[in-house]
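Beneath this line is the structure, given in structure tokens, with notes to follow.
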Amino acid sequence: MPSLVRPLVSSLKKSLKGVALDELRALITQLFGNAEQGAFYIPRPIVNGVQSLFQDAAGTTPVTADGDPVGLMLDQSGNGNHATQSVSGSRLVYRTDGVLHWLEGDGIDDFIDTGLSHQAIWAGYVSVRDIAGRAIFGGRSGYIRRFYLFREKVGIASNALSVFTFGDGVLSLSIRSGSAYEAKENSTVISSGTYSGTTQPGASSYLFAFNDAGSDQLNASGKFYGAYFGSPVDADQDLINYLSGLAGLTL
């Protein structure tokens, strides 16, 4: 590369990085600027200039390279709902191709606990690729399933709301009010209506597993690029676009 071109390329990279950072900050303000509860997860070693992935749940050893285990993923919302896994054998693995960044599990016992208790009005948006059946995320209350998304079904309480097959991209489930719900694949509503279950808050929510002792793990090839949990988002295209971009997809 000619010597005069290198500074221009370097400057362009820094400029694009700044644009991406400003976009994230604006999105976080949009989603959580009024003290809304929830969490925002981006599985990259550095997010907003801060180390955000760690190999241990205590956050003492940073994730720096492809193949490092992940015991702690920081919540970017400002609410402090950091996702953790204290069992070393059940930790997800950080992966990168130098451009994209994601987490993978072994399909057997790997998952991470967000510690989130979903509310009566709640939403989850998760950016994934290469998934097969089993849990993308799931919560429970007592011994009853609450607010869960598998590749082939979504559910609130113990009943499945709908059965379908997702593709790559941003998968979401929103509880609007009472017994109303809406499930989307990217920007397309694939299921909506009412359900016969209850919106009693769940005890916790796992990524890569249903919160029943970490069962129904996501398949080993499934890739997780980012997620939002919190209040339902009425104008959600900015959120969907950002999460899909983390997966290298343009909608």
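The values are calculated or read from the model by the stated rules, or taken from the named source; none is laboratory data. Computed from a predicted model, the values in this text were never measured in an experiment. In this analysis, Cβ positions are derived from the backbone assuming ideal geometry, glycine residues included, and neighbour counts consider all displayed protein chains.
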| Scanning the stretch 103-123 for residues that are assigned to a loop (DSSP other than H, G, I, E, B) and among the acidic types (Asp, Glu), which turns out surrounded by the most Cβ atoms within 10 Å (Cβ to Cβ)? | 110
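One line per residue, one yes/no per condition, for (1) surrounded by fewer than 21 Cβ atoms within 10 Å (Cβ to Cβ); (2) under 22 Å from residue 38 (Cβ atoms); (3) touching a Gly at 6+ places or on another chain (Cβ under 8 Å); (4) among the acidic types (Asp, Glu):
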residue: 188; (1), (2), (3), (4): yes, no, no, no
residue: 209; (1), (2), (3), (4): no, yes, yes, no
residue: 217; (1), (2), (3), (4): no, no, yes, no
residue: 227; (1), (2), (3), (4): no, yes, yes, no
residue: 234; (1), (2), (3), (4): yes, yes, no, yes
| message | With the structure loaded, tell me whether residue 127 is more than 20 Å from residue 56 (Cβ to Cβ), under 17 Å from the mean Cα position of the chain (by Cα), modelled with pLDDT of 95 or more and not in a loop (DSSP other than H, G, I, E, B) or whether it fails that test. | response | yes
| message | Can you find, within the stretch 57-102, the residue that is farthest from residue 40 (Cα to Cα) among those that are assigned to a loop (DSSP other than H, G, I, E, B) and touching an Asp or Glu at 6+ places or on another chain (Cβ under 7 Å)? | response | 91
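Each row is one residue, and each column tells you yes or no for (1) within 20 Å of residue 212 (Cβ to Cβ); (2) polar (S, T, N, Q); (3) out of contact with any helix residue (DSSP H, G or I) (no Cβ under 8 Å at 6 or more places or on another chain); (4) in contact (Cβ under 8 Å) with a residue 40 or more places away in the chain.
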site	(1), (2), (3), (4)
104	no, no, yes, yes
110	yes, no, no, yes
114	yes, yes, yes, yes
133	yes, no, yes, yes
150	yes, no, yes, yes
156	yes, no, yes, yes
167	no, no, yes, no
189	no, no, yes, no
| query | Any residue at all in the stretch 193-212 that is in a strand (DSSP E or B) and free of Cβ contacts under 8 Å to residues at least 40 places away in the same chain? | reply | yes
| Flag if residue 234 is of a type outside the set (Phe, Trp, Tyr) and over 29 Å from residue 30 (Cα atoms) | no
| note | Here the residues within the stretch 219-251 that are within 14 Å of the chain's Cα centre (by Cα) and either part of a strand (DSSP E or B) or at pLDDT below 90 (or both) are 223, 224, 225, 226, 227, 228, 229, 230
| Which listed residue, of 174, 244, 192, is surrounded by fewer than 18 Cβ atoms within 10 Å (Cβ to Cβ) and of a type in the set (Gly, Ala, Ser) | 192
